[in-house]
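Heads up, the thing below is written out as structure tokens.
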Amino acid sequence: MGGYYWLVALVGVASLLSSGQCSESCRGTDGHAGEAGGPGRDGWPGQKGEKGEPAVMPGGLMDAAVLMRLKGEAGNRGLQGIMGLKGYRGDVGPAGLPGRPGPPGPDDRGFSQHAESSRQARSAFSVVRNVSTYPAYNKKVTFQRTIINKPFEDLNLNTGIFTCRVPGSYYFVFHSMSKVSMCLYLMSDALVRDLGFCDYHTRKRDQVLSGGVVLQLTAGQKVWLQSFKDQQPDSVVSDRQDKQIIFNGFLLF
Ligand SMILES: *[C@@H]1O[C@H](CO)[C@@H](O)[C@H](O)[C@H]1NC(C)=O
């Protein structure tokens, strides 16, 4: 387009020159050269270049010593940070192995003493002299048959002696049955005076003699029956008819 304007201008100049009345002799002076134009505008920015290749060391890979030398000095230790929040509670672990068996417990002394005391709190006997001979004077009456003698046979059949094991109040009572007169003491070292019981009769029939007492005994004190001579005829000692003496005793409290 610019070329078209230039062409129109040249045609105009040529027509002016051709229509002038001037010969080759009428020549004008040359004009001055025009002023230099201003600098043109900047061009468009170029395209972004390709990324470069990494550098290759002549000896291949760098060794650690070189890297250490390149590494900078360690900085000062920083301040301790704030303590973190408490963590969540962990799961319950598996059950442990069973422990060793414990030492034996204390013996049941209290219970035993209680049991012992309740056992000791009992004492009872009922024994029988069943031989037909007359009980010898001034001798302890002995026995052959036991009805009860518990729990520890406090009455000795062979000696005829009851020995107190559990202190307390006891009731003693005896009954004799014979066809001849008989006298018996109920004796004890707990008694100040012996207790004598007699029964006299002339009938040839059985007669019962009884006697009894309550005694306060301490451990070791003794109680027994003993035959004695009082008003019986001398013939009784040779009597061989059936006789029976039962001796009973028991702890009241
Ligand atoms: C007396 O009792 C004992 C024991 O029970 C018995 O062995 C004996 O035969 C009895 N004696 C008489 C004479 O009954």
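The values are calculated or read from the model by the stated rules, or taken from the named source; none is laboratory data. It should be emphasised that the depicted structure is a prediction, and the values quoted were computed from it without experimental measurement. Cβ sites come from the backbone with ideal geometry, for glycine too, and all protein chains shown count toward neighbours. Heavy atoms of the whole protein, side chains included, go into the accessibility calculation; ligands, DNA and RNA do not. Shrake-Rupley method; radii C 1.70, N 1.55, O 1.52, S 1.80 Å.
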Inset, instruction - Residues that are away from the ligand (no atom under 16 Å from the Cβ) and either modelled with pLDDT of 95 or more or on the phi > 0 side of the Ramachandran plot (or both): find the strands (runs of 3 or more DSSP E) completely inside the range 129-181 holding 2 or more of those. - result: 161-163, 168-178
Inset, instruction - Scan the range 219-235 for residues that are open to solvent by less than 80 Å² (accessible area, probe 1.4 Å) and assigned to a loop (DSSP other than H, G, I, E, B) and report the count. - result: 7
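Within the range 179-200, how many residues turn out to be touching a Lys or Arg at 6+ places or on another chain (Cβ under 9 Å) and of a type outside the set (Lys, Arg)? Show your work before the answer.
Here is the first cut: in the range 179-200, the ones touching a Lys or Arg at 6+ places or on another chain (Cβ under 9 Å) are 179-180, 182-183, 187-190.
With the extra rule that they be of a type outside the set (Lys, Arg), the set shrinks to 180, 182-183, 187-190.
So the answer is 7.
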Inset, instruction - Could you please tell me which pairs satisfy a Cβ distance under 9 Å, a separation of 6+ or placement on different chains, a first residue in the range 21-46 that is on the phi < 0 side of the Ramachandran plot and open to solvent by 100 Å² or more (accessible area, probe 1.4 Å), and a second residue that is among the hydroxyl-bearing types (Ser, Thr, Tyr) and at pLDDT below 80? - result: none
Legend entry - Odd one out for Met187, checked against (1) closer than 23 Å to Val131 by Cα; (2) open to solvent by 10 Å² or more (accessible area, probe 1.4 Å); (3) part of a loop (DSSP other than H, G, I, E, B); (4) of a type outside the set (Asp, Glu): (3)
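Can you spot a residue in the range 196-204 that is more than 23 Å from Ser132 (Cα to Cα), surrounded by fewer than 17 Cβ atoms within 10 Å (Cβ to Cβ) and out of contact with any Cys (no Cβ under 7 Å at 6 or more places or on another chain)? I'd like the intermediate steps shown before the answer.
Taking the range 196-204 and keeping what is more than 23 Å from Ser132 (Cα to Cα), we get none.
Within the range 196-204, not a single residue is more than 23 Å from Ser132 (Cα to Cα), surrounded by fewer than 17 Cβ atoms within 10 Å (Cβ to Cβ) and out of contact with any Cys (no Cβ under 7 Å at 6 or more places or on another chain).
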Inset, instruction - Filter the range 236-251 down to the residues that are open to solvent by 70 Å² or more (accessible area, probe 1.4 Å) and modelled with pLDDT of 95 or more, then identify the one that is nearest to Gln144 (Cα to Cα). - result: Gln244
Legend entry - Close pairs from the range 130-147: first touching a residue at least 24 places away in the same chain (Cβ under 8 Å) and under 18 Å from Ile161 (Cβ atoms), partner away from the ligand (no atom under 12 Å from the Cβ) and among the basic types (Lys, Arg), Cβ under 7 Å, at least 6 apart: Tyr137/Lys229
